[in-house]
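Single-structure report; data block below.
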Amino acid sequence: MLVVDDTATVRALIRVNLELEGFEVEVAVDGQDALDRVGEVRPDLITMDVVMPRLDGLAAATRLKQNPSTRAIPIVMVTARALEPDRRRGEQAGVDAYLAKPFDPAELVATVRALLDDRPG
């Protein structure tokens, strides 16, 4: 997993919840950091905030989904920007799921598991 959020406490909270479920987790501090690290980390799934410095989550998701080597990686937006227009922009960017902050850790884990279980192969 790659957890992308510019807030250290949110990164830690998501990381802990996923690690408790047995997932290996790496972190990135913004969308550009995620793009820089995705090749080395090769995550099965990415959680990402929307509002971040340098490169926001929607722009990073769009780039990941346009790249043939990363387009199949499921992306879960975990963000306070969760109104319907925000969700539509996420859908247009190719985001696979959208969770509003503050998020329910059980819902996060269930969403991650469902996306991983739905992958082909």
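The values are calculated or read from the model by the stated rules, or taken from the named source; none is laboratory data. From a predicted model like this one, the values you see are computed outputs, not experimental measurements. Because the Cβ atoms are built from the backbone with ideal geometry, glycine has one as well, and the counts that use them run over all protein chains shown.
Checking the structure you have, find out if any residue of the range 27-36 is in a loop (DSSP other than H, G, I, E, B) and at pLDDT 95 or above.
Applying the first criterion (in a loop (DSSP other than H, G, I, E, B)) to the range 27-36 yields 29-30.
Of the ones still in play, those that are also at pLDDT 95 or above are 29-30.
So far as the range 27-36 goes, yes, one or more of its residues are in a loop (DSSP other than H, G, I, E, B) and at pLDDT 95 or above.
If you check 73, 46 for being crowded, with 24+ Cβ neighbours inside 10 Å and either of a type in the set (A, V, I, L, M) or at pLDDT below 95 (or both), only one passes: 46.
Only one of these is surrounded by fewer than 15 Cβ atoms within 10 Å (Cβ to Cβ) and either under 11 Å from the mean Cα position of the chain (by Cα) or at pLDDT below 95 (or both): 19, 91, 24. Name it.
Values: 19 fails: either under 11 Å from the mean Cα position of the chain (by Cα) or at pLDDT below 95 (or both); 24 fails: either under 11 Å from the mean Cα position of the chain (by Cα) or at pLDDT below 95 (or both).
Step by step, each of 19, 91, 24 is checked, and only 91 is surrounded by fewer than 15 Cβ atoms within 10 Å (Cβ to Cβ) and either under 11 Å from the mean Cα position of the chain (by Cα) or at pLDDT below 95 (or both).
Between 34, 59, the distinction of being touching a helix residue (DSSP H, G or I) at 6+ places or on another chain (Cβ under 9 Å) and surrounded by 18 or more Cβ atoms within 10 Å (Cβ to Cβ) belongs to 34 only.
Within the range 4-25, track down each residue that is touching a residue at least 12 places away in the same chain (Cβ under 8 Å) and of a type in the set (A, V, I, L, M). If the condition is that a residue be touching a residue at least 12 places away in the same chain (Cβ under 8 Å) and of a type in the set (A, V, I, L, M), then 4, 10, 13, 14, 18, 25 are the ones that fit. Taking the range 37-121 as the region of interest, the strands (runs of 3 or more DSSP E) fully inside it that hold 1 or more residues being among the aromatic types (Phe, Trp, Tyr) and free of Cβ contacts under 8 Å to residues at least 40 places away in the same chain are 97-100.
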